[in-house]
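Asker: Attaching a single structure in structure tokens format; questions to follow.
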Amino acid sequence: MGSCIPLGGHQGSDKENGFGQCDRRAHPATPVEFKKCVLRTVLREIVIDTTEEPSRNELRLQWQGGVHPTLNVRRNPRRRHSGATCADALELIRELSKVCDDRAIAAVLNQR
């Protein structure tokens, strides 16, 4: 596990902490590394079960304190495609490969 980064300098009222006010959103100045460190400390394990009908993921969060809530999350539908790339796209990739690196090609293709 990585090292914890202290929150530092945050001065707040009793209703405030490093993760925000009463609405539980993170304070903008809280470093991401610190948030991850806190989660690694209090969350022991996440167990995922999948179901086909309905298409869902069931996540069981196992907290260090012994509470194990379950979250049901709908999965995105699977896309069906032929697996073949159209001739226009292949031609575009061939032309771009002469003057662009892979990242630039991917950026162009993602815009289409």
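Asker: Starting from segment 98-112, keep only residues that are within 14 Å of Thr85 (Cβ to Cβ), then list their pairs with residues that are surrounded by 10 or more Cβ atoms within 10 Å (Cβ to Cβ) whose Cβ atoms are within a distance under 6 Å, requiring at least 6 positions of separation or different chains.
Answerer: Ile105/Leu96
Asker: Can you confirm whether Leu109 is outside any loop (DSSP other than H, G, I, E, B), surrounded by 10 or more Cβ atoms within 10 Å (Cβ to Cβ) and at pLDDT below 90?
Answerer: Yes, satisfied.
Asker: Report whether or not Thr85 is modelled with pLDDT under 80, under 30 Å from Asn110 (Cα atoms) and β-branched (Val, Ile, Thr).
Answerer: Against the criterion (modelled with pLDDT under 80, under 30 Å from Asn110 (Cα atoms) and β-branched (Val, Ile, Thr)), Thr85 qualifies.
Asker: If you go through segment 95-105, how many residues are loosely packed, with under 12 Cβ neighbours inside 10 Å and part of a helix (DSSP H, G or I)?
Answerer: 3
The values are calculated or read from the model by the stated rules, or taken from the named source; none is laboratory data. The model shown is predicted, which means the values in this text are computed figures rather than measured ones. Here the Cβ is made from the backbone with ideal geometry for all residues, glycine too, and neighbour counts use every protein chain on show.
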